[in-house]
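Written out below as structure tokens is the structure these notes cover.
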Amino acid sequence: MFIKRLPRFEYHVSTSLSDALRLLAEYGENARVFAGGTDLLVSMKKRETLPKHLINLKGIADLKGIYDDEEKGIRIGALTTLEEIEHSRMIREKFGALWDAVSVMASPQVRSLGTIGGNLCSAVPSADTAPPLIALGASVKMVGGHGERSVAVENFFKGPKESILQKNEILTQVLIPKPLEKSSGAYLKLMRSNATDLALVGVAAYLRLDPKKRVCSEARIALGAVAPTPIRAMEAEKVLINKKIGEELAEEAGSAASTVCHPISDIRSSLEYRCSMVEVLTKRAVMETFRRIA
């Protein structure tokens with residue numbers, strides 16, 4: 001498909017959140033914020049979106065970095081690049097599902113530019129960071145002209161390329177709760193070519209085992225690219241609760257997960273194939289999570 005040059009726009013650089021919010025308020029519907037620009041600039045070249053003002057957030061230091069809180073968990077600035085998350089030892093050891101996702105996203109060049117905030121705000125159904133963040137119980141913080149608010153990641157999306165983020169708001173942080181004892185997670189992605197393609201199916205699993213009874217006391221399964229938004233597979237979660245994890249139980253959970261997905265058929269894959277792979281990947285994600293705990 002032929003991609004045109006960028007349309008004309010006025011470029012602004014913000015060095016503070018208050019300045020960026022001021023520019024958003026001033027230019028309203030005609031303005032868009034960006035950091036890496038890996039989604040927005042391509043969309044502009046395709047003429048899918050035509051903002052007259054672009055506000056670069058890269059200079060806002062407060063929106064960058066990964067910070068550990070012994071009591072609450074971790075805070076990831078919205079401008080933190082996928083590459084930084086991939087290279088974070090803390091993310092890899094404590095929040096393996098998120099590390100799994102960023103390590104198979106796009107190319108190294110794209111990961112060096114793309115940000116976790118941008119990946120979420122693009123709100124595409126195949127966004128890789130969404131399922132693991134949902135499974136990990138993460139939330140996002142947004143700041144606007146009327147103050148700030150937080151919402152669980154699973155409630156952030158409204159539809160394809162549509163979120164609850166308002167035009168005058170900026171997503172500033174991703175917050176992931178502190179990992180509990182005997183818990184872990186995993187993310188598996190089906191794609192056509194290694195680490196350079198969008199997900200055909202993405203499955204994230206989170207399990208917490210009861211240290212005394214050795215059964216699953218908490219489970220969250222999240223699916224990507226198989227519905228208009230990333231979704232929870234609650235029927236699969238119910239299969240796992242209060243039971244000992246094993247191959248047969250994981251297979252049963254996979255079967256339950258395949259019943260809640262409602263993908264589309266497109267040039268990349270059929271509806272039937274995506275649903276069948278949800279079943280396979282859910283089983284594998286559950287067993288990989290269990291292996292990591294054990």
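The values are calculated or read from the model by the stated rules, or taken from the named source; none is laboratory data. Computed from a predicted model, the values in this text were never measured in an experiment. Cβ placement follows ideal geometry from the backbone for every residue including glycine, while neighbour counts extend to all protein chains displayed.
Can you name every residue in the stretch 66-92 that is within 17 Å of C121 (Cβ to Cβ) and part of a helix (DSSP H, G or I)?
Within the stretch 66-92, L82, I85 meet the criteria.
Just wondering, is there one or more residues in the stretch 270-285 that are at pLDDT 95 or above, basic (K, R) and surrounded by 15 or more Cβ atoms within 10 Å (Cβ to Cβ)?
Within the stretch 270-285 (the criterion being at pLDDT 95 or above, basic (K, R) and surrounded by 15 or more Cβ atoms within 10 Å (Cβ to Cβ)), the answer is yes, since at least one residue qualifies.
Quick check, is Y206 at pLDDT 95 or above and in contact with an Asp or Glu (Cβ under 6 Å, 6 or more places away or on another chain)?
no
Looking at (1) part of a strand (DSSP E or B); (2) more than 17 Å from G96 (Cβ to Cβ); (3) among the basic types (K, R), which is the one condition that is false for R220?
With respect to (1) part of a strand (DSSP E or B); (2) more than 17 Å from G96 (Cβ to Cβ); (3) among the basic types (K, R), R220 is out only on (2).
I need a count of the residues in the stretch 1-49 that are in a helix (DSSP H, G or I) and either without any contact (Cβ under 8 Å) to a residue 24 or more places away in the chain or in contact with a Pro (Cβ under 9 Å, 6 or more places away or on another chain) (or both).
Restricting attention to the stretch 1-49, the residues satisfying the condition of being in a helix (DSSP H, G or I) are 17-30, 40-45.
This time we only want the ones that are either without any contact (Cβ under 8 Å) to a residue 24 or more places away in the chain or in contact with a Pro (Cβ under 9 Å, 6 or more places away or on another chain) (or both), so: 18-19, 22, 26-27, 29-30, 40, 43-45.
Residues in the stretch 1-49 being in a helix (DSSP H, G or I) and either without any contact (Cβ under 8 Å) to a residue 24 or more places away in the chain or in contact with a Pro (Cβ under 9 Å, 6 or more places away or on another chain) (or both): 11 in total.
Could you check the stretch 192-228 and list, in sequence order, the residues that are of a type outside the set (D, E, K, R) and surrounded by fewer than 20 Cβ atoms within 10 Å (Cβ to Cβ)?
Result: S193, N194, A195, T196, L198, P211, V215, S217, A227, P228.
Table: residues versus (1) β-branched (V, I, T); (2) on the phi > 0 side of the Ramachandran plot.
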site	(1), (2)
G36	no, no
D69	no, no
A78	no, no
V104	yes, no
I116	yes, no
A123	no, yes
T129	yes, no
M142	no, no
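Is it true that some residue in the stretch 26-36 is surrounded by fewer than 19 Cβ atoms within 10 Å (Cβ to Cβ), within 30 Å of S184 (Cβ to Cβ) and under 24 Å from the mean Cα position of the chain (by Cα)?
no
List the pairs whose first member sits in the stretch 228-247 and is part of a helix (DSSP H, G or I), whose second member is buried (at least 20 other Cβ atoms within 10 Å of the Cβ) and basic (K, R), and whose Cβ atoms are under 9 Å apart, counting only residues at least 6 apart or on separate chains?
Cβ pairs passing all conditions: M234/R220; E237/R220; E247/K283.
Can you tell me how many residues within the stretch 101-118 are surrounded by fewer than 22 Cβ atoms within 10 Å (Cβ to Cβ), touching a strand residue (DSSP E or B) at 6+ places or on another chain (Cβ under 8 Å) and either more than 24 Å from L57 (Cα to Cα) or small (G, A, S) (or both)?
The total comes to 2.
What's the total number of residues in the stretch 52-65 that are assigned to a strand (DSSP E or B) and crowded, with 17+ Cβ neighbours inside 10 Å? Walk me through how you get there before you give the answer.
Going residue by residue through the stretch 52-65, those that are assigned to a strand (DSSP E or B) are 53-56.
When the remaining residues are screened for being crowded, with 17+ Cβ neighbours inside 10 Å, the result is 53-55.
Residues that pass the stated criteria total 3.
Can you name the condition, by its number, that K158 falls short on among (1) assigned to a helix (DSSP H, G or I); (2) charged (D, E, K, R); (3) in contact with a Ser or Thr (Cβ under 8 Å, 6 or more places away or on another chain)?
Result: K158 passes all but (1).
Checking C121 against (1) touching a His at 6+ places or on another chain (Cβ under 9 Å); (2) buried (at least 22 other Cβ atoms within 10 Å of the Cβ), which single condition isn't satisfied?
(1)
Just to be sure I understand the filter: pairs with C-beta atoms under 8 Å, separated by 6 or more residues or on different chains, first member in the stretch 272-294 and closer than 19 Å to G224 by Cα, second member hydroxyl-bearing (S, T, Y) and part of a helix (DSSP H, G or I). Which pairs pass?
Final answer for the pair search is C275/S258; S276/S258; V278/S258; E279/S255; E279/S258; T282/S258.
Does any residue in the stretch 124-137 that is assigned to a helix (DSSP H, G or I) come within less than 6 Å, Cβ to Cβ, of a residue that is among the β-branched types (V, I, T) six or more places away or on a different chain, and which pairs are these?
L133/V153; I134/V153
Determine, yes or no, whether T129 is modelled with pLDDT of 95 or more, in the same structural domain as R75 (by TED's automatic domain parsing) and out of contact with any strand residue (DSSP E or B) (no Cβ under 7 Å at 6 or more places or on another chain).
Against the criterion (modelled with pLDDT of 95 or more, in the same structural domain as R75 (by TED's automatic domain parsing) and out of contact with any strand residue (DSSP E or B) (no Cβ under 7 Å at 6 or more places or on another chain)), T129 qualifies.
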